[in-house]
Amino acid sequence: MSVENHTLEIIASDGFDVKPTTVDSVVVYAGERWDIIIRGSQPIGSYWIKFRGLMDCDDRFTSAYQVAVLNYDGIEPGTYPEHSIKSWKESAAPENGLHLNPLNIAPGTAKKYMTAAELTSLKDDDPEIIQKEKADHQFYLAYDFNPIDNIRFHGPHIPIRTVRKGFKLYTPQLNFISHVMPLSPPMTQPESIHEIRKCNESSMKVNCTVDYCECTHWLNVKLNSIVEIILVDRGYTFDANHPFHLHGHAFRVVGMERLGKSTEPWIIQERDAKQSVLRKRVNAPIKDTVTVPDGGYTILRFRADNPGYWFFHCHITFHVEVGMGLIIQVGEPEQMLKSPEHFPKCGNYIPPARINPIQVSENVQTIIPYNNISTPRQPPYSILSSTTMTTYDNTVDVDGDLKNATIIPLKESARPSRAHGRSSTCAISSSSNFIAMILLVVYIAL
Ligand SMILES: [Cu+2]
């Protein structure tokens, strides 16, 4: 984003003050906010405000751009600048200016670039957060578009390696895990959390770099602990870019570096062991959304002082929808605020069309999981939850209850060669439908 003949004075990012910094353009990633002062220092006139798309919106794909008009006082309303902007190329900021927050550029690359990590916070340092040598919790979260056999994209019989170039659908994942949301909000229904659905890199018993893994990606941190996240963009598939957003907390951006076209967490760990990973210990900028240069890393630090369950995710909608996120549990449930008494829970609302079977027979109520509101242990299960069940092997009964589950790769559970010849989801839906049909017949007969 830029304004013709004007500079942008950046004074805050994501709501946190930074030392005012004058630039010629700024990149605004999904989820980011920038506070900018534009000074009316030019001759009275009419000037273009220019917005130019990057990545899927650049000139390789859609060439998306937009303009608006900045008119000074004294200019007739509705006046446009004399020259027009007719293309994506013309919507660019002047090449020789200073450009803030550039795409896939790390600190120190060139004088014309300034990354978000190089901004200076105006808020006093919490010495513990950035000066503590070792954080209480450290997580490496590495991501990429993985060439994995995601059966939600390709189907179990069409391995991604057999798909023609240009038609392959790669899966954006964190540590090779696709996150699926819990069936109910943990904050208001902590009692409904399925321990068995939770996972993270260290709990996985299969090789998720080979098999597709999905589950509720979950990290635990102690209340008031210092947390360090090292976000790694492995950078093998595409020169993509992912802005990561944390709910419930803001973090200090203490490090950012690009190591090459691609990288791996172990490379950064080795560098860190040799003191080659630098962390900014003074006035590191505070943000809640930040990006990572492709083939590099960004380091975040924060004090986990807000008890609850907080989502941390790529802010590109398609990516988060297919699992590029995770939940950070801060503190224990007893340290969290309780929801008000009688606060609505999943399943409290029963659509009118579904009420009739419940009135017919007590038996129906216990058999149709959709309407099973009398069971306090679980919310009723929707069609969506039936789909999710394919993650597990023979773990779900007709109530949608989980039994003796072990997480296995989806590919495994969907394999047609299994003894029962179909996935557990099919078995569940057909058996419950069959019973419901019998009851319906009985009801009509009565
Ligand atoms: Cu993303």
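Only the coordinates and a few stated rules stand behind these numbers; no lab work does. Owing to the predicted nature of the structure, the values given are computational and were not obtained by experimental measurement. Cβ atoms come from the backbone with ideal geometry, glycine included; neighbour counts cover every protein chain shown.
Sorted from fewest to most neighbouring beta carbons within 10 Å, what does the list Ser87, Ser63 look like? Could you put the intermediate results ahead of the total?
Working: Ser87 11, Ser63 14.
Going from least to most buried by this count: Ser87, Ser63.
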To the nearest Å, what is the center-to-center distance of the range 267-331 and the range 81-122, using C-alpha atoms only?
23
State, to one decimal in nm, how far the label point of Arg152 lies from the label point of Ile350, with both points 7 Å from Cα in the Cβ direction.
3.1
With Cβ to Cβ distances under 14 Å as the rule, what net charge do the other residues near Glu228 carry (K, R +1; D, E -1)?
+4
Could you give the alpha-carbon Rg of the range 105-167 over 2.2 N^0.38 Å, rounded to two decimals?
1.99
Mind giving me the FRET efficiency for Ile11 and Ser46? R0 is 22 Å, r the Cβ-Cβ distance, nearest 0.05 is fine.
0.30
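Give the order of Arg271, Arg161 when sorted by the count of other beta carbons within 10 angstrom, beginning with the fewest.
Fewest-to-most Cβ neighbours within 10 Å comes out as Arg161, Arg271.
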Just tell me which aspartates and glutamates come within less than 17 Å, Cα to Cα, of Lys19; anything on the same chain fewer than 8 places away is out.
Glu9, Asp35, Glu118, Asp124, Asp125
Grab the Cα-Cα distance for Arg161 and Tyr236, subtract it from 0.36 nm times how many residues apart they are, and report the gain in nm with one decimal.
25.4 nm
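Provide the FRET efficiency to the nearest 0.05 for the Tyr80-Ile37 pair, computing r from the beta carbons and using R0 = 25 Å.
On the way: r = 24 Å, r/R0 = 0.96.
Efficiency for this residue pair is about 0.55.
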Assuming 0.36 nm per residue, please report the length gained on full extension of the stretch Ser276 to Lys19 beyond their Cα-Cα distance.
89.8 nm
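Please compute the net charge surrounding Thr7, taking Lys and Arg as +1 and Asp and Glu as -1 over other residues with Cβ under 12 Å from its Cβ. Display every interim value, and only then the final one.
On the way: positive: Arg39; negative: Glu4, Glu9, Asp24.
Result for the neighbourhood of Thr7: -2.
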Could you work out how far apart the two model spin labels at Ile267 and Leu54 are, taking each label as a point 7 Å from the Cα in the direction of the beta carbon, and quote it in nm?
2.1
